[in-house]
């Protein structure tokens, strides 16, 4: 007898698929799911034909904001977002890194004015692959490993 | 793009045409000083960090053009110490002045200041980031002492890692088909991102530790101070200070027409024995600050087209 763990389908909400396994919990963190009262399923290290292993996050009763999609795009550039209604996928979209990131990222430069005085943050994406972004204020160029989400 | 009401924050915001236009107006004002051009205008000079040349030359520029100056020369004497934000200080100052010059120890401060202010803001240095008026006066000096900017062989010497003047000047000169020679100990070499940008622009450059290996190729040698204040660790600073000292030993190894520049203050990078040689352009460079800053003030205040 094979044992299989089934993750129940959701009636309405969002499924984020094709997350690199090691970023799965970061996606959950971005979505601030600890305070979400409805069904959440998080799967990591699931087999994937294209990625080897992948993560998946299903959240009932939630649609994503632009900031959330932008943040997911930074840590999981190949993720797909499925919007579910009545147990059906009504829309499937691939995340993409936008040309600029508003209030999404914290500048890695401790001497940047944005880390010392209350202000918005703004970054320009100068290269998507490999990811390189430039702070609108201090002009510091950051690579993927320096990037900290707000 | 017109200059009236324009902020002067980063050299990256200026095209080749913009830069040449500033130099043209600076030249006009040097030839024909226009005493009353900014009469009735007020410049606020908000200097949160000490500065000698930049602050004095801004004040001189404004006053020689007939304008008046308000402001402070140290963050210690302002509401900054009471916790007032830069944003709020700008919101207040825009009611008092027609143009605001800001120097601040934090990077990005000038950009934020410009966003807060409806009056034009000129960046007089924001931490290790930008000092665009220095770059413009460097270009002006090169044009004046070499008769051109295009196609020169430019050596950058000293602290290329932390030196903002070197970063901005490299960026500005990139419009003018240069060949660069970056001369520094490995630990203080040009940051990778700048070299990658030069690769992208297909600009020729050499990275070298030994000045004498390339000195005979140079048209301009831009020396910089190893800046103590940029080092977190004083032991690191001690290791690098004084590694390049220019003196008369250099003379047999350079072109007769080589010009030596330095943003000043110098500590011991250039020996005084070079001051009276025809190579020294650094004091003239400091003097040129007034012409370029006059040009910028007149342009952003709409008194020059």
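Every number here is computed from the coordinates shown, using simple stated rules; none is lab data. This structure is a prediction, so every number in the text was calculated from the model and none was measured. All Cβ positions, glycine included, derive from the backbone under ideal geometry; neighbour counts span all protein chains shown.
Summarising the strand pairing of chain A, around 100 percent of its internal DSSP beta bridges are antiparallel. Note on residue B:202/residue A:125: beta-carbon distance plugged into 1/(1 + (r/R0)^6) with R0 of 25 Å gives a FRET efficiency of 0.65.
Taking the number of Cβ atoms within 10 Å of each Cβ as an exposure proxy, the fewest-first ranking of B:93, B:179 is B:179, B:93.
Measure nothing fancy, just the Cα-based angle from helix B:282-300's long axis to the longest principal axis of chain B, in degrees from 0 to 90, nearest 10. On a 0 to 90 degree scale, this one is about 30.
Would you look at the GNM of chain B, springs on alpha carbons closer than 10 Å, and say which of B:14, B:180, B:47 moves the most? Of the options given, B:14 has the highest mean-square fluctuation. In chain B, the longest principal axis of the Cα atoms and the axis of helix B:16-31 are about 80 degrees apart. Would region B:13-56 count as rounded, prolate or oblate if I go by the C-alpha gyration tensor, calling it rounded below 1.5 in a/c and otherwise prolate when a/b exceeds b/c, oblate otherwise? Oblate. Seen through its C-alpha gyration tensor, with square-root eigenvalues sorted a ≥ b ≥ c, region A:18-97 comes out rounded because a/c lies under 1.5. A convex hull fitted around the alpha carbon atoms of region A:58-101 yields 73 Å³ per residue. Going from the fewest other Cβ atoms within 10 Å to the most, the residues B:169, B:20, A:101 appear in the order B:20, A:101, B:169. Ordered by the number of other Cβ atoms lying within 10 Å of each residue's own Cβ, fewest first, B:135, A:65, A:53, B:89 fall into the sequence A:65, A:53, B:89, B:135.
Per residue of chain B, the DSSP helices (runs of n ≥ 4 H) give a summed -39500 (n - 2.57) that works out to -10500 deg cm²/dmol at 222 nm. In the calculated pair-distance distribution of region A:44-150, the portion above 25 angstrom amounts to 32 percent of the Cα-Cα pairs. Using a Debye calculation, one point per C-alpha and no hydration shell, please list log10 I(q)/I(0) for region B:1-151 at q = 0.11, 0.12, 0.14, 0.21 Å⁻¹ in order. Log10 I(q)/I(0), no solvent term: -0.43, -0.51, -0.69, -1.50. Averaged over peptide A:137-146, the number of partner chain Cβ atoms lying within 10 Å of each residue's Cβ comes to 5.
Starting from one equal scatterer on each C-alpha and no solvent at all, send me the Debye-based log10 I(q)/I(0) for the protein assembly as shown at q = 0.07 Å⁻¹, two decimals. The calculated log intensity ratios at q = 0.07 Å⁻¹ are -0.46. From the alpha carbon centroid of region B:110-179 to that of region B:263-305 is 12 Å. For region B:195-305, just say rounded, prolate or oblate: build the C-alpha gyration tensor, square-root its eigenvalues into a ≥ b ≥ c, call rounded for a/c under 1.5, and beyond that prolate if a/b exceeds b/c, oblate if not. Judged from the Cα gyration tensor, region B:195-305 comes out rounded (a/c under 1.5). Enter the angle in degrees (range 0 to 90, nearest 10) between the Cα long axis of helix A:66-75 and the first principal axis of the Cα atoms of chain A, meaning the one along which they spread out most. On a 0 to 90 degree scale, this one is about 90.
Reported to the nearest whole Å, the Cα centre-to-centre distance from region A:83-144 to region B:190-245 is 32. Geometric descriptor of chain B, per residue, is 129 Å³ (volume of the convex hull of the Cα atoms). Among the DSSP beta bridges whose two residues both lie in the protein assembly as shown, what percent are antiparallel, rounded to the nearest 5? If I count the DSSP bridges inside the protein assembly as shown, around 50 percent turn out antiparallel.
Over chain A, DSSP H runs of length four or greater, each weighted -39,500 (n - 2.57), average out per residue to a 222 nm ellipticity of -3000 deg cm²/dmol.
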